Amino acid sequence: MESQTPARPPRRVRTAVIALVALALVAAAALWLWPDAKKKAAAPPPPPASSPADSPSPSPAKVLPYPYFLPGTCLDHPQLSTTVTRAEERPCAQPHDGEAIVNVVLPDGLTSDTQIGRALRELCAAPLAEWQQRQGGGGPYYGFPLGPYLAYYQQGMHDATCTLTASDRQGGRKLTGSLH
């Protein structure tokens, strides 16, 4: 009895099968290694160490793509001032729109700009009430929270600033010194 050996497929067929297997492995590796679009952006690096004597006024500890100021920083904002197009630090001894009173961190899980605004108002309410009372009259004073839009929030930027202002409208009353 003669044993039959199975016929080998032609060389071109073997080469094509090997190429398809290799292509499938490369595709699988690319999908596995592809960056996840939902990962949060890395936090900015910490600021260099400096002493208060290094600068006459506070400077932002974080560089964010939206207005963010350290407490004690005086500022003008385009929603309150006709002379600026973006929020800018100002000397407290000169007329200015407001002063940063506290920095807050927004909670996780917010899904709209409306929720971000509501959370900012809630986080700033107690510090705002305390700072309004410390002014001893001369008001009224208003809260003016500064924080991220939803697009930045979704990238992991949850830092925000609560400010106290002398007006709630563009071209209104200015502060003329540091808050007490």
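Can you confirm whether region 102-118 contains a residue that is in contact with a Cys (Cβ under 7 Å, 6 or more places away or on another chain), of a type in the set (Val, Ile, Thr) and modelled with pLDDT of 95 or more?
Yes, region 102-118 contains a residue that is in contact with a Cys (Cβ under 7 Å, 6 or more places away or on another chain), of a type in the set (Val, Ile, Thr) and modelled with pLDDT of 95 or more.
Can you work out which of the residues in region 70-129 that are touching a His at 6+ places or on another chain (Cβ under 6 Å) and within 19 Å of TYR152 (Cα to Cα) is surrounded by the fewest Cβ atoms within 10 Å (Cβ to Cβ)?
In this case the residue turns out to be VAL105.
Which of (1) touching a helix residue (DSSP H, G or I) at 6+ places or on another chain (Cβ under 7 Å); (2) in contact (Cβ under 8 Å) with a residue 24 or more places away in the chain is the odd one out, the single condition GLY143 does not satisfy?
(2)
Results for (1) within 19 Å of the chain's Cα centre (by Cα); (2) more than 19 Å from LEU179 (Cα to Cα), shown as yes or no for each residue.
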{"residue": "THR83", "(1), (2)": "no, yes"}
{"residue": "GLU88", "(1), (2)": "yes, no"}
{"residue": "GLY98", "(1), (2)": "no, no"}
{"residue": "VAL102", "(1), (2)": "yes, no"}
{"residue": "ASP108", "(1), (2)": "yes, yes"}
{"residue": "SER112", "(1), (2)": "yes, yes"}
{"residue": "GLN115", "(1), (2)": "yes, yes"}
{"residue": "ARG121", "(1), (2)": "yes, yes"}
{"residue": "CYS124", "(1), (2)": "yes, no"}
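The values are calculated or read from the model by the stated rules, or taken from the named source; none is laboratory data. What you see is a predicted model, and the numbers here were worked out from it, not measured in a lab. Don't worry about glycine lacking a Cβ; one is built from the backbone with ideal geometry, like all the others, and counts go over all protein chains shown.
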